Structures are given as structure tokens and as C-alpha cells.
Amino acid sequence: MDCKIKVLFFCLLCIPLMFIWAKEPTSFRIGLDYACFRDFADATQSYVEIYYSFNRKELEFVHEEEGWVATVLLQLRITDELGGVVENRMWNTLSKVKDVKEAQTVDYMIIDQVGTNLKPGNYQINLKATDVNSTSQGEATLKAEVKEFSGKKLQLSDLELAFSIEADTTGGRFTKTGQKVLPNPSRFFTHKGGMVYFYAELYNLVDTPKAKPEYELRFKVLDINGKKVKDFGKQTKTKPGNSAVVISGINIGTLAGGEYVLQLEAKDKETSKKVYSTKNFVVIRELTEEELVAEEIKRFKQDVAYVASPGELDMFDQLNFSGKKNFIAEFWRKRDPNSETPENEFKIEHYRRINFANLRFSRTREVNDGWNTDMGRIYILYGEPSEIERYPSTRGAKPWEQWNYHELQGGAYLIFVDEDGYGVYRLIHSNLRGELQDRLWEDRIKTGPME
């Protein structure tokens, strides 16, 4: 049975990219996560839960007798370190609605999970989804480390992050120990929700008549460098046996937007042994209208660096907050190709190109500076090339690419080369007016020191 959670989107810059570089079927985004637990029936393997989600709004609904129905074909493929396939299954999931307009316009996430048993080791989990009606596709891949839970030492399972945890005796697929744990496969949380819930299991507590009957739990939030951001203190619990379930949540209302690490520490008071389990998550801060305007003003000059004139940028610098707000509105209004539609198609396309450039051309994931590379600039200015010719590295030449724009200035091309071997391509020649031209560009792609 599908579970649905309303998803809030905050501003255009936060919208996940849904554009494919090659000309392929349209794509939709899949959230994917996993958690490993002890298999009490077989100590040689672990029980692995795989959580996934996708946005109902991105599916195509067709009318049937029982209402409007969307069908998604899912394929789960798990491979080991040597590339061997250890799991390969396919199934359909249906989403039924009465109001198709609501399904097409309101953001809801369809959430589900599947379970499997794997031997300890490293794996790759791949999930592909195909909308049967529209043929649009989504795909997500992640690396999974399956823990070994055999032996007698104190151990913690993985953390399962959740939107909510509440009492439930129905025995549904999300129910654990009498609690419905609704997973958050994307691991994105908002300030409006205010809470990050989590589930874990603690194994091999010393539970003998003479042993100390308590264990301790401590929850911390760290930044991605491991520095403590917030300590939620410790809790003392009575051992229910040699295993225990950890169900709790932390308030993220005071955390700034960004990526964090949730750390769970467990300690057996009998042995003083400690174990840890961690899971990364992202906080998205919902901005007020005033904050959104301030953020847009802050980013405006960077965002329009390639499409605004020097005079416009100089004028923008001289205005106060209110003046800048009005200037931005007028800037986009003048570039709107169709004022009769509620959308500004130029602005939407411009930010789509920025998002794609940052995803495709950034030097590193953390820097997110694809907009500031040569390929990013050209893509933002002119869009997707008509054709890309890729030439990999050879003994006599560095990697290089030629982008062809058949409809631009009667047929234009641009030459990019990876001069340093780090995957950052620089523009070295073009026949496009206003761009760099170098008749000796072929010498620059040759290996060896440049003259």
C-alpha cells in the first residue's frame, strides 16, 4: 500500500534537476536509502531494508473504471564488489486518485520499502523506475556496507531516518515493534516539520542477574567534518533483555540549512563498552517571502552575470533594498517572451541551465561552481549543443570536446580541452563571435608542455 507525504518546495533554486544531458526519455528523481539489521534466524547474513520514494506529480495518470491510475515498473538490482548480481527483482506499483488535477499539481511523495537478506560485505544498490504510461524514467544508485551482527560484542544496527514514528498495531510493512516507522529515503528534512525521527536496534547487552540493569543512549548532531553542532544529552534506559529497540527523534528547528550527521551512541553500563551508528541528513530551511527576496538579491548578480549588461549591473549596485527588489522584477519582465502566460519562460529556462551547469560541470560536488566554468558559461548562454564530439585522452593528445550549435550564427562550434587532466575543460577556440579564437588551437590539445 502506497504511503504519501506532502513535500514542500521553497524556491526555484531548490527544485531538483530533472534534465538529462543526452536525448533520452524524461526523468524523475528517486529517493533511495537503506538500513541493515540483525537476522536473528541466520547469523551468517543480515536483514537489509531498502527505502525509496518518488513524486506522484511526475507520473502520468490514465482514466480507468476505478478512477485515475498511474503505474510504475520498478527494478531492484544489487551487485557485490566483484560485480556479481546477488539480487534482481521487478514489480509494479500503482497509484490511484479520484482528482487527476490534484495529482498533477500537488507535491506528494509515494514511499515504500523492500527487504532482502545479504551476507556482510560491500554492495551497490540500483533502483530503476519507469512510468508505464509516459515512459519517463528515474534511477538511483548507492553504495551499501552490510554489517556483520554475529558474535557477542555490543552492536548497533544502522539508523533508519523517518518522517514520523507512531503507535500502530496493524502489522503493515512499515510497522516495527508496534510502531509505524515511515521512512524518509531522501534524508531531506524541513524546519516546518521540526523533527528528525529515527529507528535503530541495539544487540548483545549483558543481561544477567548480577549485571547492571541499565544502558545509556546519547544523541549528537555533527557537521560533515565531524565537529559537534548540538548535543542532546544522554538517556538511561532499563535493559528489556539482551537486545533493545531505539526509537526517538531530535528537534532540528534551531539548525541552519545544510548537511549534518546524526550520531547515536550506546553504552552498556555493565561493561562500559560504547558503540556508535551515524547517518547523514540534510536540513532545508523554509524561507519567508522577505527572506526569499533577500536571498534572490544576494545571488542576483552571480545568477545573471552572463545575460545582464554592464550598465544594468552598475545600476543594480547603486539601489537600496526596495530598489533592487523592483529592479529584479523589471529585469525578468523585460525578458519574458510571453507576458500572457503566468510563467516567465526565460527565467525558468535560465535557472534550469544554471542548475544543470552546477550539476554537470562543477569542479567538485562541494564547490558547486559549474556556472563559473567555461562549459557552464557556454551552456547557460546558448543551451544544449546540437551535437557534442568527445575525444578521450590518447598518447598524443589531451581529452577534448567540440560543441556544435548548428542553428547559432549559421553554424558555430567551440573547442574545450582538459589541460590539467582533472576533468575541468577550458575553452581554447571558437568561431563564435565574441568568443576566444586561436588558430593554433590544435597545438594546445597535444600532450607535453605548452609553448
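Results, tabulated for the structure shown:
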| read-out | value |
| --- | --- |
| Residue, surrounded by the most Cβ atoms within 10 Å (Cβ to Cβ), within segment 302-342, restricted to residues that are of a type in the set (Val, Ile, Thr) and under 23 Å from GLY376 (Cα atoms) | VAL304 |
| Residue in segment 164-177 that is β-branched (Val, Ile, Thr), assigned by TED's automatic domain parsing to the domain that holds ASN88, touching a residue at least 60 places away in the same chain (Cβ under 8 Å) and farther than 28 Å from ALA70 by Cα present | no |
| Residues that are out of contact with any Ser or Thr (no Cβ under 6 Å at 6 or more places or on another chain), within 29 Å of GLU345 (Cβ to Cβ) and not charged (D, E, K, R), drawn from segment 403-424 | TRP403, LEU408, GLN409, GLY410, GLY411, ALA412, TYR413, PHE416 |
| In segment 320-348, residue nearest to the chain's Cα centre (by Cα) [restricted to those that are without any contact (Cβ under 8 Å) to a residue 12 or more places away in the chain and not in a loop (DSSP other than H, G, I, E, B)] | GLU345 |
| Breaking point among (1) of a type in the set (Gly, Ala, Ser); (2) without any contact (Cβ under 8 Å) to a residue 60 or more places away in the chain; (3) assigned to a strand (DSSP E or B), for SER53 | (2) |
| Pick from segment 145-171, criterion in contact with a Cys (Cβ under 9 Å, 6 or more places away or on another chain) and in a loop (DSSP other than H, G, I, E, B), ranking: nearest to GLY258 (Cα to Cα) | ASP158 |
| Segment 245-278: number of residues that are in contact with a Ser or Thr (Cβ under 6 Å, 6 or more places away or on another chain) and over 17 Å from PHE37 (Cβ atoms) | 2 |
| Unmet criterion (only one of (1) assigned to a strand (DSSP E or B); (2) among the polar types (S, T, N, Q); (3) loosely packed, with under 15 Cβ neighbours inside 10 Å) for THR208 | (1) |
| Counted residues, segment 225-265 - those being small (Gly, Ala, Ser), farther than 19 Å from LYS192 by Cβ and not in a loop (DSSP other than H, G, I, E, B) | 3 |
| Those residues of segment 265-296 which are closer than 28 Å to GLU216 by Cβ, more than 26 Å from the chain's Cα centre (by Cα) and not β-branched (Val, Ile, Thr), in sequence order | GLU265, ALA266, LYS267, ASP268, LYS269, GLU270, SER272, LYS273, LYS274 |
| Qualifying residue in segment 250-265 (condition: closer than 30 Å to PRO209 by Cα, at pLDDT 95 or above, surrounded by 12 or more Cβ atoms within 10 Å (Cβ to Cβ) and not small (Gly, Ala, Ser)) | yes |
| Matching residues, segment 95-117, being loosely packed, with under 13 Cβ neighbours inside 10 Å and in a strand (DSSP E or B) | GLY115 |
| Some residue of segment 116-124 being closer than 27 Å to GLY67 by Cβ and aliphatic (A, V, I, L, M) | no |
| Matching option when the condition is under 25 Å from the mean Cα position of the chain (by Cα) and at pLDDT 95 or above, among GLU60, GLU24, GLU49 | GLU49 |
| Meets criteria (in contact with a Lys or Arg (Cβ under 6 Å, 6 or more places away or on another chain), modelled with pLDDT under 95 and among the small types (Gly, Ala, Ser)) for GLY67 | yes |
| Among the residues listed as VAL221, VAL181, VAL196, VAL206, the single one being more than 30 Å from LEU82 (Cβ to Cβ) and more than 22 Å from the chain's Cα centre (by Cα) | VAL206 |
| Given (1) touching a residue at least 60 places away in the same chain (Cβ under 8 Å); (2) under 25 Å from the mean Cα position of the chain (by Cα); (3) surrounded by 14 or more Cβ atoms within 10 Å (Cβ to Cβ), number of the condition ARG299 does not satisfy | (3) |
| Options ILE354, ILE415: the member that is of a type in the set (A, V, I, L, M) and closer than 30 Å to ARG299 by Cβ | ILE354 |
| Scan of segment 185-205 for residues that are in a strand (DSSP E or B) and among the polar types (S, T, N, Q), ordered by number | THR190 |
| Residue check, ASP374 more than 30 Å from GLY194 (Cα to Cα) and in contact with a Leu (Cβ under 6 Å, 6 or more places away or on another chain) | yes |
| Residue match in segment 269-279 (condition: in contact with a Phe, Trp or Tyr (Cβ under 7 Å, 6 or more places away or on another chain), touching a residue at least 24 places away in the same chain (Cβ under 8 Å), surrounded by 14 or more Cβ atoms within 10 Å (Cβ to Cβ) and under 30 Å from LEU159 (Cβ atoms)) | yes |
| Looking only at segment 132-157, and only at residues there that are under 24 Å from ASP268 (Cβ atoms) and polar (S, T, N, Q), the one that is nearest to the chain's Cα centre (by Cα) | SER157 |
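One line per residue, one yes/no per condition, for (1) under 16 Å from THR278 (Cα atoms); (2) in contact with a Ser or Thr (Cβ under 8 Å, 6 or more places away or on another chain); (3) of a type in the set (S, T, N, Q):
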residue	(1), (2), (3)
LYS143	yes, no, no
SER157	yes, yes, yes
PRO185	yes, yes, no
TYR197	yes, yes, no
ASP207	no, no, no
LYS210	no, no, no
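The values are calculated or read from the model by the stated rules, or taken from the named source; none is laboratory data. Remember, predicted model here, so these are calculated numbers, not experimental data. Ideal geometry is used to build each Cβ from the backbone, glycine not excepted, and the neighbour counts take in all protein chains shown.
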